[in-house]
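The values are calculated or read from the model by the stated rules, or taken from the named source; none is laboratory data. It should be emphasised that the depicted structure is a prediction, and the values quoted were computed from it without experimental measurement. Cβ coordinates were reconstructed from backbone atoms using ideal geometry, including for glycine residues, and neighbour counts include every protein chain displayed.
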Amino acid sequence: MVDVSIIIVCMNRPDNLYPCLESIRRTTQKVTYEVMVVAYLYDPDGLARAREDFPWVTFIESNEIRGFSENNNLALKRAQGRFCFVLNDDTELPGQTVDMLVEDFEALPEGTAIVSPTLLNANGSLQLCGRPPYPARHYVLQQWHLFSEPIDSTAGQEPATVVDGRKLYRSWNITGAAFLIPTELFRELGWFDERFFFTPEDIALGTLACRKGLRLYVDTSAQVVHKWRTTASRIMCAIRPAAVRGSLMHFSDFRTGKYLLLAVPVWIAEFSKRVKASVVQLLRPSPQHRTELQTFRNITRNIFTKRMPKEIFTKYYKEITRQG
């Protein structure tokens, strides 16, 4: 058995994947590992080249429409490592991140579920360090721009422990961009919840772990560069409505009454953004503004739908691909 199974989903973005894989090879030195890449809707020629360029990587083809959960679960269910390290393709490891996280885990008390690295932006600035509790009211307030999740949730905290000089702090949730979890525990938790599509699978997993009395930590020294701000595209018209629907499902605990209570203020917030986007597109028409307007239209049309997030994404993704 290897120490770590590194799981990456890549949606036909070799420009993201190649630097990510090269950084893993360059920096992971102390632990044994396998890398499994889920090649999602990947160009066949590009996939053939990737297999030639990275013969030490296992590529799993995913040629049907699948979300974050389904794609990751394809690889997770085949993982042979004691731990799984879930990693976005638009990331790079600047140091021995995987080695550090495994060392952290083995020094932490029983009942530890997840250890996360600190995320950095491409320019080296801090993107996220730990996550505080994220109740439903924070989600609603965030849609109204009345709440912002702290970038550094460790500020003001005392470290829970120190491992080889590195400070580890309690965390109460995770980001799906990068985290380490014991494979057997992940299996017991049911892997990622496939009722969601792109959001909020990570928050749902962290919340479930906390509800079971398990503990989450963040290592302020183990770092991952996450270039997410550079990878948005026009498929946000399909991603965002599925994400909002999934978030409301999660934060309502799938209870109809609570769903409606949360959905009304979220719909009002999104509709106001839709009106603003309409005015902007009217005054300064552009492809970007048109995409933003269509995104808000799709969100408001699907908040009160009975369709599941995957159905919502599939509908709009097919419309986008038909448009070319």
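Give me the pairs: first residue in the stretch 269-289 and in the same structural domain as ASN302 (by TED's automatic domain parsing), second residue aromatic (Phe, Trp, Tyr) and not in a loop (DSSP other than H, G, I, E, B), beta-carbon distance under 8 Å, and six or more apart or on different chains, which are they?
Listed pairs, sorted by first residue: GLU270/PHE296; PHE271/PHE296; LYS273/PHE296; ARG274/PHE296; ALA277/PHE296.
For the stretch 10-23, indicate whether the set of residues that are more than 22 Å from ILE174 (Cα to Cα), among the basic types (Lys, Arg) and either in a helix (DSSP H, G or I) or out of contact with any strand residue (DSSP E or B) (no Cβ under 8 Å at 6 or more places or on another chain) (or both) is non-empty.
yes
Within the stretch 114-146, work out how many residues are assigned to a strand (DSSP E or B) and either surrounded by fewer than 17 Cβ atoms within 10 Å (Cβ to Cβ) or touching a helix residue (DSSP H, G or I) at 6+ places or on another chain (Cβ under 7 Å) (or both). Steps first, answer last, please.
Of the residues in the stretch 114-146, the ones assigned to a strand (DSSP E or B) are 114-120, 126-129.
Among the residues that remain, those that are also either surrounded by fewer than 17 Cβ atoms within 10 Å (Cβ to Cβ) or touching a helix residue (DSSP H, G or I) at 6+ places or on another chain (Cβ under 7 Å) (or both) are: 114-115, 117, 126.
Counting residues in the stretch 114-146 that are assigned to a strand (DSSP E or B) and either surrounded by fewer than 17 Cβ atoms within 10 Å (Cβ to Cβ) or touching a helix residue (DSSP H, G or I) at 6+ places or on another chain (Cβ under 7 Å) (or both) gives 4.
Taking the conditions exactly as written (part of a helix (DSSP H, G or I), modelled with pLDDT under 95 and under 21 Å from VAL163 (Cα atoms)), does GLU106 satisfy them or not? Give the steps one after another, and end with the answer.
Working: part of a helix (DSSP H, G or I): yes; modelled with pLDDT under 95: yes; under 21 Å from VAL163 (Cα atoms): yes.
When the stated conditions are applied, GLU106 passes them.
What number of residues within the stretch 274-296 satisfy the criterion of being surrounded by 18 or more Cβ atoms within 10 Å (Cβ to Cβ) and either among the basic types (Lys, Arg) or closer than 23 Å to LEU41 by Cβ (or both)?
4
Kindly indicate whether any position in the stretch 314-324 is surrounded by 22 or more Cβ atoms within 10 Å (Cβ to Cβ) and in a helix (DSSP H, G or I).
yes
Being assigned to a strand (DSSP E or B) and either of a type in the set (Ser, Thr, Tyr) or outside the structural domain of ILE8 (by TED's automatic domain parsing) (or both) is the filter; apply it to the stretch 50-90 and report the residue that is surrounded by the fewest Cβ atoms within 10 Å (Cβ to Cβ).
THR58
Going by the conditions given, is ILE174 at pLDDT 95 or above, assigned to a strand (DSSP E or B) and either under 22 Å from ASN72 (Cα atoms) or aromatic (Phe, Trp, Tyr) (or both)?
Here the answer is no, as ILE174 does not meet what is asked.
Return yes when ARG301 is under 29 Å from THR207 (Cα atoms) and part of a helix (DSSP H, G or I) and no when it is not.
It is true that ARG301 is under 29 Å from THR207 (Cα atoms) and part of a helix (DSSP H, G or I).
Please work out if LEU93 is surrounded by 23 or more Cβ atoms within 10 Å (Cβ to Cβ) and either closer than 12 Å to PRO182 by Cβ or in contact with a Ser or Thr (Cβ under 8 Å, 6 or more places away or on another chain) (or both). Working first, answer last.
Working: surrounded by 23 or more Cβ atoms within 10 Å (Cβ to Cβ): yes; either closer than 12 Å to PRO182 by Cβ or in contact with a Ser or Thr (Cβ under 8 Å, 6 or more places away or on another chain) (or both): yes.
Against the criterion (surrounded by 23 or more Cβ atoms within 10 Å (Cβ to Cβ) and either closer than 12 Å to PRO182 by Cβ or in contact with a Ser or Thr (Cβ under 8 Å, 6 or more places away or on another chain) (or both)), LEU93 qualifies.
One line per residue, one yes/no per condition, for (1) at pLDDT 95 or above; (2) surrounded by 21 or more Cβ atoms within 10 Å (Cβ to Cβ):
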site	(1), (2)
LEU208	yes, no
ARG215	yes, no
VAL218	yes, yes
HIS226	yes, yes
ARG229	no, no
SER233	no, no
MET236	no, no
PRO241	yes, yes
ARG245	yes, yes
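Quick one: would you say ASP99 is in contact with a strand residue (DSSP E or B) (Cβ under 8 Å, 6 or more places away or on another chain) and not hydrophobic (A, V, I, L, M, F, W, C)? First the steps, then the outcome.
On the way: in contact with a strand residue (DSSP E or B) (Cβ under 8 Å, 6 or more places away or on another chain): no; not hydrophobic (A, V, I, L, M, F, W, C): yes.
Answer is no for this residue.
Are any residues in the stretch 27-52 of a type in the set (D, E, K, R) and either touching a residue at least 60 places away in the same chain (Cβ under 8 Å) or more than 13 Å from VAL98 (Cβ to Cβ) (or both), and if so, which ones?
LYS30, ASP43, ASP45, ARG49, ARG51, GLU52
Looking at the stretch 147-171 only, could you name the residues that are in a loop (DSSP other than H, G, I, E, B) and surrounded by 11 or more Cβ atoms within 10 Å (Cβ to Cβ)?
Matches in the stretch 147-171: PHE147, GLU149, PRO150, ILE151, SER153, THR154, GLN157, PRO159, ALA160.
Being within 16 Å of ARG234 (Cβ to Cβ) and among the basic types (Lys, Arg) is the filter here; which residues of the stretch 272-320 pass it?
Of everything in the stretch 272-320, those that are within 16 Å of ARG234 (Cβ to Cβ) and among the basic types (Lys, Arg) turn out to be ARG290, ARG297, LYS315, LYS318.
As an exercise: evaluate PHE313 against (1) in contact with a Phe, Trp or Tyr (Cβ under 6 Å, 6 or more places away or on another chain); (2) free of Cβ contacts under 8 Å to residues at least 40 places away in the same chain; (3) of a type outside the set (Ser, Thr, Tyr) and give the number of the one condition it does not meet.
The single condition PHE313 does not satisfy is (2).
Could you list, in sequence order, all residues of the stretch 198-253 that are more than 30 Å from GLU188 (Cα to Cα), assigned to a helix (DSSP H, G or I) and hydroxyl-bearing (Ser, Thr, Tyr)?
If the condition is that a residue be more than 30 Å from GLU188 (Cα to Cα), assigned to a helix (DSSP H, G or I) and hydroxyl-bearing (Ser, Thr, Tyr), then THR230 is the only one that fits.
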